[in-house]
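Notes for the one structure printed next.
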Amino acid sequence: WHIDTDPPKKGRQRKLSVVLLLNDHSEFEGGDLVIKGHEDTKILNTVGSIVVFPSYLSHMVTPVTKGTRYTAVGWTNGPAFR
């Protein structure tokens, strides 16, 4: 489990995390994105699925046990949380 945000630097910090699934789930096993508190929710099921969530949410990706999982990830920064 991890979070994607750090303490503010110069009044700014990472605010949103974005994950886009680039290949179909039939091409790999495992590799599920899990957000703490939403463990039963399937996220990123099909190619082109995208999820945006607050960077301070604890999350993980389960191990890929077969094939290769391709994703694009990104983050947005903004004024520090109050």
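Restricting attention to the stretch 5-15, the residues that are touching a Ser or Thr at 6+ places or on another chain (Cβ under 7 Å) and surrounded by fewer than 16 Cβ atoms within 10 Å (Cβ to Cβ) add up to 0. Checked against (1) open to solvent by 30 Å² or more (accessible area, probe 1.4 Å); (2) in a strand (DSSP E or B); (3) touching a residue at least 60 places away in the same chain (Cβ under 8 Å), Val73 meets all criteria but (3).
Here's the yes/no breakdown for (1) in a strand (DSSP E or B); (2) closer than 12 Å to Trp1 by Cα:
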site	(1), (2)
Glu29	yes, no
Val34	yes, yes
Asp40	no, no
Val47	no, no
Val52	yes, no
Leu57	no, yes
Lys66	yes, no
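When His25 is tested against (1) touching a strand residue (DSSP E or B) at 6+ places or on another chain (Cβ under 6 Å); (2) open to solvent by less than 80 Å² (accessible area, probe 1.4 Å), just one condition goes unmet, and that condition is (1).
Looking at Val61, is it open to solvent by 80 Å² or more (accessible area, probe 1.4 Å), modelled with pLDDT of 95 or more and under 13 Å from the mean Cα position of the chain (by Cα)? Considered against the rule, which asks whether it is open to solvent by 80 Å² or more (accessible area, probe 1.4 Å), modelled with pLDDT of 95 or more and under 13 Å from the mean Cα position of the chain (by Cα), Val61 comes out as no.
The values are calculated or read from the model by the stated rules, or taken from the named source; none is laboratory data. Since the structure is predicted, the reported quantities are computational estimates derived from the model, not experimental observations. With ideal geometry, Cβ positions are generated from the backbone for all residues, glycine too; neighbour counts draw on all protein chains shown. Areas reflect the complete protein model, heavy atoms only, side chains present, ligands, DNA and RNA absent. Shrake-Rupley method; radii C 1.70, N 1.55, O 1.52, S 1.80 Å.
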